[in-house]
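Colleague: There's a structure below that I have some questions on.
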Amino acid sequence: MALGTALVATTLWLRGMLFPPVQRRAQLALWLMMTALTKPTNLVFVLLGLKTPLELSARSWLLVVGTILPAIVASLLWSFVSGADVARWRMVEITGQVPAAFDPAAKISYLLDHPWHFPAAVFASLDANALGELWRQAIGVLGLFDTVLQPWVYPMVSVLVLGTFFVSLPMTPAARRQVSILAGATTLAYVAAVYFVCYLAFTPIEAPSIWGVQGRYFIPIFSLLAGVVAALVTRSADERLTRAMAISAAVLSGTASLEAILRVDWHF
């Protein structure tokens, strides 16, 4: 759901950028709200609702507010009703630490006194090995990280997926810049949100790095990364090649996942 709703929201946003006369703000507002309700980090997709932040007319800002406000309100209400439960009890059981070590309120209070602790913990988590493992998990590490695909599948799927990003958007240079800036900013905000949520929910106070970050958390921003690349390139690959890569990536991913499950769980 997190990926599906993010894809729809991104598609509606790009359609509005490509064809401004047929822009449908109500649809975009609905899907931004839907994707915000799937995962807290998906709330940052409301940045796409800005679309034209340089337009300072009252009507433009009313449209912006009307597009992004439903997602913000719905996300806050859902967090309040559900108690913002992210199963912190699991970390207490796994680590044996006291519940206070994972209390978000205590961490926010700690950050007020040590404002550089969170960014330092993020940078400590971004070594080359960790980033490589996050990418591998995003491509496909199943189960409780005990079901992996064949080693050659990871680079192959990576090449096929990234290859589909190189499709030039038929836009003016100004619109291209706007797409790349908004999609890039939303991507960075999403990454920061993932690390911040994991810091609040899964990381003990004073831990030197961020705990609990998984590659699958970043899958919803693949469409944004594709938008950044498509906005920057001026020439597209042959359309038949792009379609072949997309179909091949889907077929290879599905069959490789099935093979891994049969191999690990059924010993085929």
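The values are calculated or read from the model by the stated rules, or taken from the named source; none is laboratory data. Just so it is clear, the model here is predicted, and its values are computed rather than measured. Backbone-built Cβ (ideal geometry, glycine too); neighbour counts: all protein chains shown.
Table: residues versus (1) buried (at least 19 other Cβ atoms within 10 Å of the Cβ); (2) part of a loop (DSSP other than H, G, I, E, B); (3) modelled with pLDDT of 80 or more; (4) of a type in the set (Asp, Glu).
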residue	(1), (2), (3), (4)
Ala6	yes, no, yes, no
Thr11	no, no, yes, no
Leu14	yes, no, yes, no
Ala26	no, no, yes, no
Trp31	yes, no, yes, no
Thr35	yes, no, yes, no
Val46	yes, no, yes, no
Leu56	no, yes, no, no
Ser60	no, no, no, no
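Colleague: Would you be able to tell me the number of residues in segment 229-251 that are under 21 Å from Ala138 (Cα atoms) and without any contact (Cβ under 8 Å) to a residue 12 or more places away in the chain?
Modeller: 3
Colleague: Look through Leu144, Leu131 and report the one residue that is more than 30 Å from Ala237 (Cβ to Cβ) and surrounded by fewer than 17 Cβ atoms within 10 Å (Cβ to Cβ).
Modeller: Working: Leu131 fails: more than 30 Å from Ala237 (Cβ to Cβ).
Selected residue: Leu144, the only one of Leu144, Leu131 that is more than 30 Å from Ala237 (Cβ to Cβ) and surrounded by fewer than 17 Cβ atoms within 10 Å (Cβ to Cβ).
Colleague: Within segment 74-171, which helices (runs of 4 or more DSSP H) (wholly inside it) include 3 or more residues that are touching a Pro at 6+ places or on another chain (Cβ under 9 Å)? If you could, list the steps in order and put the result at the bottom.
Modeller: Working: elements: 88-95, 104-113, 117-125, 128-140, 153-163.
Because the criterion is at least 3 residues that are touching a Pro at 6+ places or on another chain (Cβ under 9 Å), the helices (runs of 4 or more DSSP H) in segment 74-171 that meet it are 88-95, 117-125.
Colleague: Of the residues Ala207, Ala256, Ala226, only one is under 17 Å from Gly140 (Cβ atoms) and among the hydrophobic types (A, V, I, L, M, F, W, C); which? Steps first, please.
Modeller: On the way: Ala207 fails: under 17 Å from Gly140 (Cβ atoms); Ala226 fails: under 17 Å from Gly140 (Cβ atoms).
Testing whether each residue is under 17 Å from Gly140 (Cβ atoms) and among the hydrophobic types (A, V, I, L, M, F, W, C) leaves just Ala256.
Colleague: On to the next question. Looking at segment 78-95, can you tell me whether even one residue there is outside the structural domain of Thr172 (by TED's automatic domain parsing) and at pLDDT 80 or above?
Modeller: The answer is yes, given that some residue of segment 78-95 is outside the structural domain of Thr172 (by TED's automatic domain parsing) and at pLDDT 80 or above.
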